[in-house]
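Engineer: Quick one: the structure is below, and I'll ask about it shortly.
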Amino acid sequence: MATRASQHALSRAGTELYLDDLVPNEKLSAEKLSAEDAWISKCDLDAFAADIKALGKTLAAQQGDADVRHLNKIVCWQRACTALGVATMAMPLGPLPFNPIAVWFLSLGVLTRWTIVAHHVCHGGFDKCDTGGRYHRFTFGVGSVYRRCVDWLDWMLVEAWNVEHNQLHHYSLGEDSDPDLVERNLDNLRQMPALLAPVKYLVIAFLTVTWKWFYYAPNTFKVLSLNRMRREADPRLEKLSTQLQEDPCVVGDWHFLLGPSSLFFSNVEFFVRVLGPFFTTRFLLLPAAAAAAAA
């Protein structure tokens, strides 16, 4: 994890200003800011906050049936992509051992369900709309495996994503406590000498196609486990340094049972609760059904 002394490596800008270092009522001054950030010293932050709150109230008051119709349209398109992917899985495409059209539609269905439907719903974007309770942040995909499969089945546990993304990420964007701060999470890779550039590219290529199950699923589950431990005043927290709590968690972290992540969850709990439902559905049941249909 990057320390405050090395924060200059985490930003291309020269300014790394910590608000907790300011004395009460101290104003932002241009002397404390780099040239590209000097504009904020002239910005009325109180007025800006008031404008944002007023805009939020205005937009919230405009929500209604049109938003629900738009949501249902996106859901229909998402389901159509998934259905097309399933329908073409068993169709051969020349000499290829798989059908790339099916892969593309299945991937698009998963991506759309996450980034357009689940993301907005879990942020509470449709809480005040009349969706029959189906698209409410406190019920969507949570509470049971059934609700997860019906609402949003992905590599991540929905409850874990809600804590990691909605709370920690959005309330600490770009800061040390942001669990998705790429500059910090890949600090070791960034500090590697230029001579090892090919290794860097290989690592990035690997993460590009595996990051969701390799990093995002375990890291969100770790954050959920930490959240539960804090609420329950778990004595194990005394064994966890701040750095250990903030460092990213990936699949290999608990390859050995005495590894750091064994303090947060077990192999069985992670694979059964988090990866298991999506893996079983997408990589076992659907291919088996497609093979049976082709036979």
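The values are calculated or read from the model by the stated rules, or taken from the named source; none is laboratory data. Remember, it's a predicted structure, so these values are computed and weren't measured experimentally. All Cβ positions, glycine included, derive from the backbone under ideal geometry; neighbour counts span all protein chains shown. Ligands, DNA and RNA are stripped out before the accessible areas are found, and what is left, the full protein with its side chains, is counted by its heavy atoms. Shrake-Rupley method; radii C 1.70, N 1.55, O 1.52, S 1.80 Å.
Engineer: Are any residues in the stretch 59-81 closer than 20 Å to Ala293 by Cβ and either of a type outside the set (D, E, K, R) or at pLDDT below 90 (or both), and if so, which ones?
Structural biologist: The answer is Ala80, Cys81.
Engineer: So for the stretch 157-168 (the condition being under 19 Å from the mean Cα position of the chain (by Cα), open to solvent by 50 Å² or more (accessible area, probe 1.4 Å) and not acidic (Asp, Glu)), does at least one residue qualify?
Structural biologist: Yes, the stretch 157-168 contains at least one residue that is under 19 Å from the mean Cα position of the chain (by Cα), open to solvent by 50 Å² or more (accessible area, probe 1.4 Å) and not acidic (Asp, Glu).
Engineer: Then there is this: Mind checking which residues of the stretch 108-148 are in contact with a helix residue (DSSP H, G or I) (Cβ under 7 Å, 6 or more places away or on another chain), closer than 30 Å to Val209 by Cα and assigned to a loop (DSSP other than H, G, I, E, B)?
Structural biologist: His123, Tyr135, Arg137, Phe140, Gly141, Val142
Engineer: Being over 16 Å from the mean Cα position of the chain (by Cα), without any contact (Cβ under 8 Å) to a residue 12 or more places away in the chain and under 29 Å from Ala295 (Cβ atoms) narrows it down to one of Leu108, Leu84, Leu93, Leu196, so name that one.
Structural biologist: Result of the check over Leu108, Leu84, Leu93, Leu196: Leu93.
Engineer: Could you please find all residues in the stretch 30-55 being assigned to a helix (DSSP H, G or I) and open to solvent by less than 80 Å² (accessible area, probe 1.4 Å)?
Structural biologist: Scanning the stretch 30-55 gives Ala30, Asp37, Ala38, Ile40, Ser41, Ala47, Ala49, Ala50, Ala54.
Engineer: Testing Met89 on (1) closer than 30 Å to Trp161 by Cβ; (2) of a type in the set (A, V, I, L, M); (3) assigned to a helix (DSSP H, G or I), one condition comes back false. Which one is that?
Structural biologist: Looking at each condition in turn, Met89 falls short on (3).
Engineer: Just one of (1) out of contact with any helix residue (DSSP H, G or I) (no Cβ under 8 Å at 6 or more places or on another chain); (2) at pLDDT 95 or above trips up Asp154, so point out which.
Structural biologist: So the condition that Asp154 fails would be (1).
Engineer: Looking only at the stretch 84-120, how many residues end up being at pLDDT 90 or above, surrounded by 17 or more Cβ atoms within 10 Å (Cβ to Cβ) and not hydrophobic (A, V, I, L, M, F, W, C)?
Structural biologist: The qualifying residues number 5.
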